[in-house]
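Structure, as structure tokens:
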Amino acid sequence: MSRHPEVKWAQRRDKVFITVQLPESKDAKVNLEPEGVFTFSASGGAENNLYELKLELHDKVNVEESKVNVGPRSIFCILEKAEIGWWNKLLRADGKAPHYVKVDWDKWVDEDEDDGTGTGSGDLDMGGMDFSNFGGMGMGGMGGMGMGGMGMGGPDEFDDSDDEDEVAKPEAEDVKKTGTEKAAEEDGDISVAGTQEDKK
């Protein structure tokens, strides 16, 4: 029996980002159809279980312009929307999305923040990922070809962007301090606390 991998998604006016989280996946097969049907299958995990996924997306997509990157911890897809506009949800079906489909808040941009130029806060750092076009692979997506058959190297070739959780966030106190106060604190100046009290 197959399992469902965790899926994260975000969008812009013209594209949808889908990240299938499956560390050390093997024999990954990704398929995208113009009607908006996204399918994925691979084996992974310590017990080499089969993971499968079929998502009927909210609207049609442009297969030729969409891209996929198979990394060591995830499969990252950039799907070009057939028509520019915001989707009110990822999936076509009514009701709540399945428990394994979640919003990718690291990549999410609100509709009013997306200026459509790619230069605003919606611009993503792809970290040197090597993308292949769905369109260049035909309608069968990755089919039975492994990463090597796609001209993609092994898992070590890609930097994966799933390391956001490891980045230390500044503490609330640090955010309030000025650059001078931070420098003084780093130099061991104990008068910083007094300076902050005086500002209150």
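The values are calculated or read from the model by the stated rules, or taken from the named source; none is laboratory data. If you're wondering where the values come from, they're calculated on a predicted model, not measured in any experiment. FYI the Cβ positions are ideal-geometry reconstructions off the backbone, even for glycines, and counts take in every protein chain you see. SASA here: full protein model, heavy atoms, side chains in, ligands and nucleic acids out. Shrake-Rupley method; radii C 1.70, N 1.55, O 1.52, S 1.80 Å.
Assorted remarks:
- Scanning the range 77-93 for residues that are under 16 Å from Val37 (Cα atoms) and either in contact (Cβ under 8 Å) with a residue 60 or more places away in the chain or assigned to a loop (DSSP other than H, G, I, E, B) (or both) yields Cys77, Ile78, Leu79, Glu80, Lys81, Ala82, Glu83, Trp87, Lys89, Leu90, Arg92, Ala93.
- Residues of the range 84-107 satisfying the condition of being hydrophobic (A, V, I, L, M, F, W, C), open to solvent by 40 Å² or more (accessible area, probe 1.4 Å) and over 14 Å from Val7 (Cα atoms): Ile84, Trp86, Ala93
- Any chance Glu111 is at pLDDT 90 or above and on the phi < 0 side of the Ramachandran plot: no
- Residues of the range 12-33 that turn out to be more than 27 Å from Asp110 (Cβ to Cβ) and open to solvent by less than 50 Å² (accessible area, probe 1.4 Å), as a count: 5
- Test result for Ser74, open to solvent by 10 Å² or more (accessible area, probe 1.4 Å) and in contact with a strand residue (DSSP E or B) (Cβ under 8 Å, 6 or more places away or on another chain): no
- Out of Asp59, Asp14, Asp27, sole residue that is more than 18 Å from the chain's Cα centre (by Cα) and in contact (Cβ under 8 Å) with a residue 40 or more places away in the chain: Asp27
- Condition check for Glu47: part of a loop (DSSP other than H, G, I, E, B) and either of a type in the set (Lys, Arg) or surrounded by fewer than 18 Cβ atoms within 10 Å (Cβ to Cβ) (or both): yes
- Some residue of the range 3-11 being buried (at least 20 other Cβ atoms within 10 Å of the Cβ), touching a Phe, Trp or Tyr at 6+ places or on another chain (Cβ under 9 Å) and over 15 Å from Ile75 (Cβ atoms): yes
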